[in-house]
Amino acid sequence: MLFAGFDTRNHLPANSYNFKKAKAGELTASSRQSLAVLGSMSMEFTRLSQLTGDPKYYTVVEQLKRGLEKTQDQTNLPGLWPKYIDLIEGTRPTSDTLFTLGAQADSAYEYLSKTYLLLGGLDPSYETMHIKAMDAAVKHLLFRPMLPSGDDDAFDAGSPLPDILFSGNAVSTHRDKSDLQPRVQHLGCFAGGMFALGGKLFDRSDHVQIGEQLARGCAWAYEAFSTGIMPELSELVPCEKTEKDGDRLEQCPWNETRYRLKKKKAAASLTTHFTSEKTEINGDREKPLPLPKPFAKISDPRYMLRPEAIESLFILYRITGKKDLLDMAWRMFSAITKATETKFAFSAIEFVHTANPGQPTQKMDSMESFWLAETLKYFYLIFSPEDGEISLDEWVFNTEAHPFRRPRVEVDVSG
């Protein structure tokens, strides 16, 4: 059925499958297709061709890859693609000005290094595309949060500042120029594992380090909130660009005035029913709980049982072998099970930041399939012996955490 979605005039996939139009041969590609849709089939269709011996599945994703490869340097931010792509005119970047590693784009970037692995390194274009994309993401999307000093109540006195990064969004209306939106998506926490895996695979130690900083950033965000879980969507106050390097990755001093101004501006921009400091327990309004610094607002205070944070910790642990990552993972698991467990299963929760974390959380009576397929799988694997449970030397995970066996290659991506 997915393959039939490519039965369009230019053989690029339709956004949705209309049976009536398909029967009449009238399926058409979309002029505004999310980047993730284009890039999220390469592993699955490649594996189908490997297993069946039928090249037709690989052929259609190869066409998509060539289109993305051709346009990668033609966007406002060379190396990155915008969130939406025009498929009517081939894989042409649209006038969309938003760039992100988050929702609607995530797995397109994730699959560049992973498809390289699945092909046994036989297609070097995936390596080139991955490195271009990650270098551009470092320049335009990554940032270091402005953190309070060790004298602030948010940290233990005298404690060193954590070495952490986050991935945000960028808006670009001019070539190679962008404005950062320091909006953090839980879904975007996969980026730590993506940077680390590609860095190990392509001998980019700087990318492995960035991957670790990103993974530790999401783990830090978990512990910043009263339930021990980070929210679905939030916004941080970033360090400003440095004159030396022109990026936001260097440590910066805490500025209380700047924090308050950014926080006030962020709260005023909220357009949903969520407020920046809303706390609610069992439907009863409670006294507002201050946001942990340097969070400026919580746009969506839910936890949806997502896997991305533990996914990155798992990959980083397999690559670096650093034992403190296991401690982080255990604290994360303990907080999640405490906040989400019900009589029969586990539930998404409405608020991760409450005035009284000892009280029961507000459950949503919802358990996404990725809780079992991904979140619990990565928790299980990080605490399992590497030599006995799905070694990354032999397997590569797709975006839904299903392991695909790799062809034999010479590159070692384990620690």
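The values are calculated or read from the model by the stated rules, or taken from the named source; none is laboratory data. Note that the structure is predicted; figures quoted are calculated from it, not measured. Here the Cβ is made from the backbone with ideal geometry for all residues, glycine too, and neighbour counts use every protein chain on show. Heavy atoms of the whole protein, side chains included, go into the accessibility calculation; ligands, DNA and RNA do not. Shrake-Rupley method; radii C 1.70, N 1.55, O 1.52, S 1.80 Å.
For the reader, a short list of remarks on this structure follows.
- Residue match in region 66-78 (condition: closer than 20 Å to Asp123 by Cβ and of a type in the set (Ser, Thr, Tyr)): yes
- Per-region count, region 228-241, residues open to solvent by less than 20 Å² (accessible area, probe 1.4 Å) and over 18 Å from Thr257 (Cα atoms): 5
- So Ala355, is it outside any helix (DSSP H, G or I), touching a residue at least 12 places away in the same chain (Cβ under 8 Å), aliphatic (A, V, I, L, M) and over 12 Å from Leu305 (Cβ atoms): yes
- Condition met for Phe333 (within 28 Å of Gln213 (Cβ to Cβ), open to solvent by less than 40 Å² (accessible area, probe 1.4 Å) and either touching a residue at least 24 places away in the same chain (Cβ under 8 Å) or not aliphatic (A, V, I, L, M) (or both)): no
- Output for region 1-56, where each listed residue is in a loop (DSSP other than H, G, I, E, B), of a type in the set (Ser, Thr, Tyr) and closer than 18 Å to Ile85 by Cβ: Thr8, Ser16, Thr28, Ser30, Ser31, Ser40
- Those residues of region 304-330 which are open to solvent by 10 Å² or more (accessible area, probe 1.4 Å), under 18 Å from the mean Cα position of the chain (by Cα) and of a type in the set (S, T, N, Q), in sequence order: none
- Residue, modelled with the lowest pLDDT, within region 245-278, restricted to residues that are open to solvent by 50 Å² or more (accessible area, probe 1.4 Å), within 25 Å of the chain's Cα centre (by Cα) and hydroxyl-bearing (Ser, Thr, Tyr): Thr275
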